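Before any comments, here is the structure.
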Amino acid sequence: MPALRTPETVHLWGETLCLDYANSVDWSPGDEHVDPEKTDVLRSEEMLGRWGQRCDLLGEDAGQASAAELSRARLLRDAVHRLFSSISRGQDPAGRDLDLLMSDYAEAVNHVSLRAREDLYKLDWPLADPRKVRFAVATDAIALLRDPSRLARVSRCPGRGCGWLFLNLSGRRRWCSMSTCGSREKMRRLHQRRKRCAS
């Protein structure tokens, strides 16, 4: 059974914000949540805020998300996972998931500011606005969809009860992490070999 995860302990192995967000719960091969009472780090409005602070999206003075905002944030998380999971398998994403993403992105654009950051300009939202998590994730997902070189590297971890998504930047990465799913698979194969040899 997986250990109880929190916004502070969940690994950020996606290599981009929207995939880290999709990985805020474990997934079955059929894109269903796995043991969400333990693996889902967006279980409450307060946890959504803590995840936003962990990723430097929200300030410490950010207001707490409403129940409606938490629901919308979780719907976006699930849509982003299904969408990029489909792409990683060479399938077209469902229209309803693209529509949900576009709806959140349009809302994000309506509330965004363009701010100077050193030698570039950046899209930004107030640090105190709990919607910033959803807005930033939707914007990052759109950016990934529009970048063919990165989009081609979206991969889905084949680990049992994992289903996490990541950018395979090296071209050699198979697992979300060798220290977790990769190691467990090696141990499982070693155990199977030993059983065969013993029989």
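FYI, it's all coordinate maths here, none of it is from the lab. Values in this document were obtained by computation on a predicted structure and should not be read as measured data. Note: ideal-geometry Cβ built from the backbone for every residue, glycine included; neighbour counts use all protein chains shown.
Basic side chains Lys and Arg get +1 at the Cβ, acidic Asp and Glu get -1 at the Cβ, and with that the dipole of the stretch 37-187 about its Cα centre reaches some 920 debye. Between 0 and 90 degrees, the angle of helix 183-198 with respect to the longest Cα principal axis of the chain falls at about 10 degrees.
Extension gain for Asp124-Asn168 works out to 13.1 nm (0.36 nm per residue, less the C-alpha to C-alpha distance). Remark on Cys162: its backbone amide H falls under 5 Å from those of Trp27, a criterion applied only to residues 5 or more positions apart or on other chains, H modelled at 1.01 Å from N. Taking Ala68, Ala128, Ala108 in turn, the Gaussian network model of the chain (Cα-Cα springs below 10 Å) assigns the largest fluctuation to Ala68. Angle of helix 95-111 to the longest C-alpha principal axis of the chain, folded into 0 to 90 degrees and rounded to 10: 40°.
Mean shadow of the stretch 26-106, computed from the convex hull of its alpha carbons, in nm²? Don't skip to the end; give the middle numbers.
Numbers: hull surface 24.7 nm².
Mean shadow area of the hull around the Cα atoms is 6.2 nm².
Principal-axis analysis of the Cα atoms of the chain puts helix 132-145 at an angle of about 60° to the longest axis.
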